[in-house]
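Below is one structure, written out as structure tokens; comments come after it.
The values are calculated or read from the model by the stated rules, or taken from the named source; none is laboratory data. It should be emphasised that the depicted structure is a prediction, and the values quoted were computed from it without experimental measurement. All Cβ positions, even for glycine, are placed from backbone atoms using ideal geometry, and neighbour counts span all protein chains on display.
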Amino acid sequence: MKTETLAELNAERAARRPVILVTDTANGAQRLVKASDIVADPLRAELSKQLRMGKSGMIEAADGRKLFLNVYAPTARLVVIGAVHISQALAPLARALDYDVTVVDPRTAFASPERFPDVPLIAEWPDVALPTLNVDHYTAFVAVTHDPKIDDPALLHAFERDCFYIGALGSRKTHAKRAERLRAQGAKDSDIARIHAPIGLNIGAVSPSEIAVAIMAEITAQLRLPPKEKEEAA
């Protein structure tokens, strides 16, 4: 790999931006494709598919060339607002799926190491905790406290940071009231439309553990499926 290509690759990875190294297996020629350039690339369908999968692999181009795609995707994060029973089931499940998980809750009685062993906890209000986490597009964001003083400012932060998934606990009636509050605080309708609420795929989940499974299934669909299939899964 050329020095300048390696430097560019490392810069993209440091910024948590996906990048794909395309190698022609016949002659060793290489080129780097940034995520922002995929839509205009001749291999956009193949590049998009491999990036969604988060895996490197061999493809065959239309002209018969065999190309190896080295996919460098950021480790997905999960930020959970609320150290509640659902979060106790959700955190280890997400970690088993290789997410970097952080739980935020200013209520120290809930956000305790005993309740969340081996999970990073921040016992602060969202306006203090979230700026330190560098929330970005590769972050799934889940608000489950049922307390507007905690959930609402956290959701506003998620809108600003363009999280790939934003979910919030509550019924449709609860969500309608939430939407009114968020609009009053400057949220756009397009922002509110991004919230998955009621949270999780509709699998009839009842217990905290079942709800956690439904949430992770919905997050996985948002991360891995192409746009049309995401709509069908919603």
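Descriptive notes on the structure:
- No other residue among 40, 35, 45 is over 18 Å from residue 224 (Cβ atoms) and either surrounded by fewer than 18 Cβ atoms within 10 Å (Cβ to Cβ) or in contact with a Lys or Arg (Cβ under 9 Å, 6 or more places away or on another chain) (or both) apart from 40.
- Hits in the stretch 48-64 (condition: surrounded by 13 or more Cβ atoms within 10 Å (Cβ to Cβ), in contact with a strand residue (DSSP E or B) (Cβ under 7 Å, 6 or more places away or on another chain) and not in a loop (DSSP other than H, G, I, E, B)): 50, 51, 57, 59
- Look at (1) more than 30 Å from residue 51 (Cα to Cα); (2) surrounded by fewer than 21 Cβ atoms within 10 Å (Cβ to Cβ); (3) among the hydroxyl-bearing types (Ser, Thr, Tyr); (4) in contact with a helix residue (DSSP H, G or I) (Cβ under 9 Å, 6 or more places away or on another chain) and you find that residue 138 fails only one, number (1).
- If you go through the stretch 23-55 and keep only what is over 27 Å from residue 77 (Cβ atoms) and either touching a helix residue (DSSP H, G or I) at 6+ places or on another chain (Cβ under 9 Å) or in contact (Cβ under 8 Å) with a residue 40 or more places away in the chain (or both), you end up with 23, 24, 25, 26, 30, 31.
- Qualifying residue in the stretch 65-74 (condition: out of contact with any Phe, Trp or Tyr (no Cβ under 9 Å at 6 or more places or on another chain) and outside any strand (DSSP E or B)): yes
- Yes/no for residue 170 being more than 29 Å from residue 46 (Cα to Cα), over 13 Å from the mean Cα position of the chain (by Cα), assigned by TED's automatic domain parsing to the domain that holds residue 108 and surrounded by 14 or more Cβ atoms within 10 Å (Cβ to Cβ): yes
- Which numbered condition residue 96 misses (of (1) in contact (Cβ under 8 Å) with a residue 24 or more places away in the chain; (2) in the same structural domain as residue 155 (by TED's automatic domain parsing)): (1)
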